[in-house]
Ligand code: HBI
Ligand code: FE
């Protein structure tokens, strides 16, 4: 199976699944914002051990592949010993950038997700994958959400970007433009690359929490690597069940912030008249950046 699926459709399917009780999380105790108690004491020694294994493997892949801001911030989170207690992380995070972590059962509705981000609250899934899922898991778990997403919340510019993204998401829903803003999220927060003096580095949680794509995205000659541009990125379809066919590259986190800051309402009007671009598109005037 290797199909291009719209992110919005993907999440719609998941919402339907949750209504039929087949999303993995336990949504019963969730409040109206889908927040639950992490219940840290309930994690078993085996789950903490699996976390340490996941952490050790993934941390060993970061040098030369993840951007420095990610590596430095991950170390500051002090999360190598076991599944972290979110309240402890929040203490450090709140002091650094005013962000908090909230525990959620798993995927949550788009509007709720955006509202959390706009209020500088990052939703982190509470459950951990099973040992058989060490290398791949379809739904985000605590390892993906925490290891992949939380470190960069310590970076002030990225922290502001993600809040701005949440505000943009709320506006996009009103303008019937979810699929466009979801593509931007996918190609930045999940699968973004950044230029450095040492070459390309990963900053997206999707590849930073993946054993294979973290190397593929930087060195494989197969995928395209093009500079991030709001219109181009929001026009581009993406793969949810294979490595990406295109990565969008930022110069620095200011580039990311300034791309997201403008009011996208006029751009959505243009995008609605345009055909979406397949995930493997390279436009005639576009430079395909070389792999490392
Ligand atoms: N819920 N827990 C969780 N994590 C996400 O990344 C997420 C979500 N709900 C909706 C959603 N993402 C999308 O709206 C964005 O990825 C665009
Ligand atoms: Fe994610």
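How many of the residues making up segment 179-202 are away from ligand 1 (no atom under 16 Å from the Cβ) and touching a residue at least 40 places away in the same chain (Cβ under 8 Å)?
Qualifying residue count for the region: 9.
Give the residues of segment 119-163 that are part of a loop (DSSP other than H, G, I, E, B) and either under 16 Å from residue 71 (Cα atoms) or away from ligand 1 (no atom under 16 Å from the Cβ) (or both), sorted by residue number.
130, 134, 135, 136, 150, 155
Which members of segment 258-292 meet the condition of being outside any loop (DSSP other than H, G, I, E, B) and farther than 17 Å from residue 172 by Cβ?
Of everything in segment 258-292, those that are outside any loop (DSSP other than H, G, I, E, B) and farther than 17 Å from residue 172 by Cβ turn out to be 258, 277.
From the set of residues in segment 72-99 that are touching a strand residue (DSSP E or B) at 6+ places or on another chain (Cβ under 9 Å) and part of a helix (DSSP H, G or I), which is nearest to residue 151 (Cα to Cα)?
74
Tell me, which strands (runs of 3 or more DSSP E) wholly within segment 176-231 include 2 or more residues that are at pLDDT 95 or above, away from ligand 2 (no atom under 16 Å from the Cβ) and more than 24 Å from residue 55 (Cα to Cα)?
Hits in segment 176-231: 193-196, 224-227.
Of everything in segment 122-156, what is away from ligand 2 (no atom under 14 Å from the Cβ) and surrounded by 20 or more Cβ atoms within 10 Å (Cβ to Cβ)? Give them in sequence order.
Within segment 122-156, 126, 128, 154, 155 qualify.
Could you identify the single residue in 76, 65, 33, 52 that is over 21 Å from residue 209 (Cα atoms), surrounded by 11 or more Cβ atoms within 10 Å (Cβ to Cβ) and modelled with pLDDT of 95 or more?
None of the others qualify; the one that does is 33.
The values are calculated or read from the model by the stated rules, or taken from the named source; none is laboratory data. Model, not experiment: these values are computed from the prediction. Note: ideal-geometry Cβ built from the backbone for every residue, glycine included; neighbour counts use all protein chains shown.
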